[in-house]
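Engineer: Got a structure for you, questions after.
The values are calculated or read from the model by the stated rules, or taken from the named source; none is laboratory data. Bear in mind the structure is a predicted one, so any value in this text is a computation, not a measurement. Backbone-built Cβ (ideal geometry, glycine too); neighbour counts: all protein chains shown. What goes into the accessible areas is simple: the full protein's heavy atoms, side chains included, and nothing from ligands, DNA or RNA. Shrake-Rupley method; radii C 1.70, N 1.55, O 1.52, S 1.80 Å.
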Amino acid sequence: MCKRTRDIHPILSLIFSLLLFVMGLLFVKETWFWMYAITFSVLFLLFRYEKLMLKLIPFVLVFGLVMGSLTLINGSMQDALYAIYRVLALGLAGVLSMSIRPIRLVRSLNQLRVPRWISLGLLIVIRFIQIFREEIRRIRQAIALRGIRFASTPALWSRAFFIPLTVRMLSISEGLATSLETRGFSTDSEGSSFEVICFKGRDLAFSILFLTCLTVYVYLFLRGR
Amino acid sequence: MKSFRFQAFTVKDIVFLAVITAVTLLASGPFAPIVMTASKIGPQAFAMALPFALVTSIGLRKVKKSGSLLIIGIFSGLVLLLMAPVMFFNQFTGSLFSESLALLLFKNYENRKTVLMSSGLFAFFTLPSTAVVNILAKGKSISEQIGNPVTFALFTLGAIALGLIGAMIGNKIADELQKAGKM
Amino acid sequence: MSCAVEVVNLSLSYDFSEEKTNREKQWIFKDLNFKITEGDFIMITGHSGCGKSSLINMINGVIPNLKKADVQGDIYIHGHCVTNSPVRERTKAVGSVFQNPREQIIFDQVADEIVFPMENINETPQRMRDKLNSLLSMTGLSADAQTDTLSGGEKQKLMTACTLGMGQKILLLDEPLANMDARSAKELLELLKRLSDEDGYTVILSEHRQELVLPYVDKIFFCVKSTDENVEMTLEIRDKAEDYACDLSSLSDRTSREKTNVAADAKQVFSVENINYQVGDRVLFENFSWQINRGEEWVILGENGCGKTTLLNLLFGFVRPTSGAIVSPYSKKRNKRKIGYVLQNPDYQLFMPRVKDELYLNASSPEFVAQLIRLFGFEHMLERHPLSLSEGQKRKLGFACIIANEPEVLFLDEPTVGLDDEGMEQLLYALQILNEKTGNDRTIVTVSHDKRAIPYLGDHFLVLSHCEPYLQFCNNKTPPTSELPAPMLTERAI
């Protein structure tokens, strides 16, 4: 059964994100690049991506300025602007790719007959980045509690960091693997799917608008050449 | 010496490799935006080499099966695909080339040199795919990407050296935990 | 009623030396025989490291399929011999719930996590939806809730729901109540009791906090020390739960620490002044004020997720209050070294190559370390790698390493979790020695759920609660009655 959702189909989002980034990198030296950025920003706003866009703005601003400044050291003002545009292209692509809910991506990958161990692995990686960010914070706190500072004893600090980190990796992965096996997961069975990820009218509308806009800019680019 | 062979991956192996990937991404994450947008090649590989090699070598000591590094490369590439699609190729080819070379030379992961080479040279082997992506996506020639050849050579050699150092540290940690009965 | 699980001459050993005969080998247990009837609610209990989890893991097949071990004897489930069956086969009849649910959850939303095992066994979407709805109403969880916002108790309920969705009638739960407060534990146990009484589930649960589970179980499998020197434990089966009382008589008088000489005008070591603290949208502390004087021993009590560990972190300075201030001479960087903080999980604090190195790193006096070595029985393991020790030994070592530094202020986060009575007694005695070294001038703040230990760990109690009033102080020498395992501790300790 197709679930009612506002999300664009994950595979479409992924492909369009890839297109937006690669084309963005190709177009950075064009005078109309800012128009390209505005067009797709408006398209995203039309399809209610405003929350994600707001989340990405600080990243684009900070990272764009850093990259621009670094480029300015060895290059011209023009080069610095191109560096900022590249970050902008990354940000635009990020809106689409970050909108993908991992579980929907996994289910659509399963529908495409991608082996379940790959999709499950992908889920674990995404989930455990957060878990290990927390683990690393705890390990650093534990190091501070033993009074060890990197500046005074770097070797001891490294030991106090990497040994517990590895132990946690081993123990967490062992617990998770046991839990998955006892929950019936196996690398060689396909399993069924609770939700079918299907293409909807909204996906079609987005695809038409997206591809039309992109075609216009590709045409402008080719004409310029 | 045991010959080259493929063994099936168990759920336990897959989970451990996924966890290793998560930690690898955390360790090399701060450098990802530089890798995605930098116009010169070399500095990115240099920055990623040590943390990547250190963590993955522990993974390869635990899951001693041909294809383990490639799985790490696929997992990290798929996650990075969500952030910057071109990073997938970078991770995939880096792991494919370094693991293939290490296995061709040393047959299997029972040999510690395989672990050292496979994880140690990963960062170096991301250079060709980064260069190809830059040519295709940014239209930059190889000479433009290299810039000053001396600086490029220093960064490249540095990436190899740091990768190998990271892999050696990872091996040392694995040795100790093996003695403690944890691996 | 027919037999759900039958164990015949079951033996387990982690001793892999090939040259040893069966008689010479060291066995965790040997020739166990028991039968569990369908619909029974069984508690397997005993001290930490006695083999409770191993027994559970042998029934579900984790041992020897995923964890290497020498297993002999036979296991029958619903009359079929499963001794040589892989985990996947046994999963069809036996559901398992483990500790640390946070580390087993892989999905963002509750509904996705619950249907995952059903997807694995190829259930149809319609059946999944039906089961999901009934499991949600049974557990009180919301389908759209984000898994990372659930409390520890809710996460454990979620993992139980995952298992129930697979439809097995035998449930194995390995210390599911670890780190759960009394209320969450009660909710989970009531759910299990309903399943056992009304739906005929066989529930086998391992737990060392016996007093929590006792009212619900039909039988107790008590792991006791074996008389055979080559075998570590054997099982004593006690049929009637009501006849059984927790035996805490091993706690000697030396653990009841009377503190008489705390000066009335003792100096304030921490002054928490009207702090507010919130994580995301969740307010943990609102206009909270608290004073800790030198020499006081506080125990922080309260439900899971109400901010007990966060309060320790606020006092230490790991996190800062959103507003308000914590004034303390220990806020200064150079004074931070005078605080000792024992974390709940020793894996974070152990990293040296030998037990000896771990103990002497930062130790204030070799004499005190020697005393700790004798007290905790580390003499024969000084050259061993700390990570090769058992969980209980690691916890004691983590504790000993911190107090070896003779801190002026000591924070203890659930120090007795997973410790048997003997371990708890050693820990409390070590605290007493530490106190005596400075004439009872040590300030100790402990977070604990362990009803066995609470009365011994302090003489001031701070109860954190989500209900109004927000905080309740008990500035007497009696912990709140809700935190006592009636009746034995109240009579003894106070």
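Engineer: So which residues in the stretch B:61-92 are in a loop (DSSP other than H, G, I, E, B) and open to solvent by less than 10 Å² (accessible area, probe 1.4 Å)? Walk me through it before giving the result.
Structural biologist: Within the stretch B:61-92, the subset in a loop (DSSP other than H, G, I, E, B) is B:63-67, B:84-86.
Across the stretch B:61-92, the qualifying residues are B:63, B:66, B:84, B:85.
Engineer: Among what's in the stretch C:324-348 and is touching a Gly at 6+ places or on another chain (Cβ under 9 Å) and of a type in the set (Phe, Trp, Tyr), pick the residue that is modelled with the highest pLDDT.
Structural biologist: My answer is C:348.
Engineer: Taking residue A:8 as meeting all but one of (1) of a type in the set (Val, Ile, Thr); (2) part of a helix (DSSP H, G or I); (3) surrounded by 15 or more Cβ atoms within 10 Å (Cβ to Cβ), write down the number of the exception.
Structural biologist: Among (1) of a type in the set (Val, Ile, Thr); (2) part of a helix (DSSP H, G or I); (3) surrounded by 15 or more Cβ atoms within 10 Å (Cβ to Cβ), residue A:8 violates only (2).
Engineer: Can I ask one more? Go through (1) more than 12 Å from residue C:162 (Cα to Cα); (2) in contact (Cβ under 8 Å) with a residue 24 or more places away in the chain; (3) facing chain A (nearest Cβ under 8 Å) and name the single condition residue C:122 misses.
Structural biologist: Only one criterion is unmet by residue C:122, namely (2).
Engineer: I'd like to check something: does the stretch C:332-339 contain any residue that is open to solvent by 30 Å² or more (accessible area, probe 1.4 Å) and closer than 30 Å to residue C:187 by Cα? Give the steps one after another, and end with the answer.
Structural biologist: Filtering the stretch C:332-339 for residues open to solvent by 30 Å² or more (accessible area, probe 1.4 Å) gives C:332-334, C:336-338.
So of that shortlist, the ones also closer than 30 Å to residue C:187 by Cα come out as none.
No, because not a single residue in the stretch C:332-339 is open to solvent by 30 Å² or more (accessible area, probe 1.4 Å) and closer than 30 Å to residue C:187 by Cα.
Engineer: Here's a follow-up. I want to confirm something. Restricting to the stretch C:295-312 and keeping residues that are open to solvent by 20 Å² or more (accessible area, probe 1.4 Å) and more than 18 Å from the chain's Cα centre (by Cα), which single residue is nearest to residue C:407 (Cα to Cα)? Let's see the steps before the verdict.
Structural biologist: Of all residues in the stretch C:295-312, those open to solvent by 20 Å² or more (accessible area, probe 1.4 Å) come to C:296, C:303-305, C:309-310.
Okay, now just the ones that are also more than 18 Å from the chain's Cα centre (by Cα), so C:296, C:310.
On the way: C:296: 14, C:310: 20 Å.
Ranking the qualifying residues of the stretch C:295-312, first place goes to C:296.
Engineer: Another question about this same structure. So, in the stretch B:25-61, exactly how many residues are among the charged types (D, E, K, R) and modelled with pLDDT under 90?
Structural biologist: Start the filter on the stretch B:25-61 by keeping residues that are among the charged types (D, E, K, R), which leaves B:40, B:61.
Narrowing further to those that are modelled with pLDDT under 90: B:40.
Selection size over the stretch B:25-61: 1.
Engineer: Would you be able to say whether some residue in the stretch A:55-70 is open to solvent by less than 70 Å² (accessible area, probe 1.4 Å), closer than 30 Å to residue A:195 by Cβ, within 12 Å of chain B (Cβ to nearest Cβ) and in contact with a helix residue (DSSP H, G or I) (Cβ under 9 Å, 6 or more places away or on another chain)?
Structural biologist: yes
Engineer: Have a look at B:125, B:97 and point out the one that is under 30 Å from residue A:170 (Cβ atoms), more than 14 Å from every other protein chain (Cβ to nearest Cβ), in contact with a Gly (Cβ under 7 Å, 6 or more places away or on another chain) and open to solvent by 20 Å² or more (accessible area, probe 1.4 Å). Give the steps one after another, and end with the answer.
Structural biologist: Working: B:97 fails: in contact with a Gly (Cβ under 7 Å, 6 or more places away or on another chain).
Going through B:125, B:97 in turn, just one is under 30 Å from residue A:170 (Cβ atoms), more than 14 Å from every other protein chain (Cβ to nearest Cβ), in contact with a Gly (Cβ under 7 Å, 6 or more places away or on another chain) and open to solvent by 20 Å² or more (accessible area, probe 1.4 Å): B:125.
Engineer: Take the residues in the stretch A:94-140 that are touching a Leu at 6+ places or on another chain (Cβ under 8 Å) and among the polar types (S, T, N, Q), then tell me which one is nearest to the other protein chains (Cβ to nearest Cβ).
Structural biologist: A:97
Engineer: Applying the selection to the stretch A:92-114, what residues are open to solvent by less than 10 Å² (accessible area, probe 1.4 Å) and under 10 Å from the mean Cα position of the chain (by Cα)?
Structural biologist: Residues satisfying the conditions are A:93, A:94, A:95, A:96, A:97.
Engineer: Quick one: in the stretch C:68-81, which of the residues that are open to solvent by 40 Å² or more (accessible area, probe 1.4 Å) and not aliphatic (A, V, I, L, M) is farthest from residue C:3 (Cα to Cα)?
Structural biologist: To start, the set of residues in the stretch C:68-81 that are open to solvent by 40 Å² or more (accessible area, probe 1.4 Å) comprises C:68, C:71-72, C:74, C:76, C:78-81.
Those left that are additionally not aliphatic (A, V, I, L, M): C:68, C:72, C:74, C:76, C:78-81.
Working: C:68: 28, C:72: 21, C:74: 15, C:76: 9, C:78: 6, C:79: 7, C:80: 10, C:81: 12 Å.
The residue in question is C:68.
Engineer: Quick check: anything in the stretch C:248-271 touching a helix residue (DSSP H, G or I) at 6+ places or on another chain (Cβ under 8 Å), at pLDDT 85 or above and surrounded by 13 or more Cβ atoms within 10 Å (Cβ to Cβ)?
Structural biologist: yes
Engineer: Do we have residue C:84 as in contact with a helix residue (DSSP H, G or I) (Cβ under 7 Å, 6 or more places away or on another chain), under 30 Å from residue A:120 (Cβ atoms) and open to solvent by 10 Å² or more (accessible area, probe 1.4 Å) here?
Structural biologist: Numbers: in contact with a helix residue (DSSP H, G or I) (Cβ under 7 Å, 6 or more places away or on another chain): no; under 30 Å from residue A:120 (Cβ atoms): yes; open to solvent by 10 Å² or more (accessible area, probe 1.4 Å): yes.
Answer is no for this residue.
Rundown of residues vs (1) part of a helix (DSSP H, G or I); (2) within 21 Å of residue A:218 (Cα to Cα), yes/no style:
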| site | (1), (2) |
| --- | --- |
| A:31 | no, yes |
| A:36 | yes, yes |
| A:40 | yes, yes |
| A:44 | yes, yes |
| A:48 | no, no |
| A:60 | yes, no |
| A:63 | yes, no |
| A:69 | yes, no |
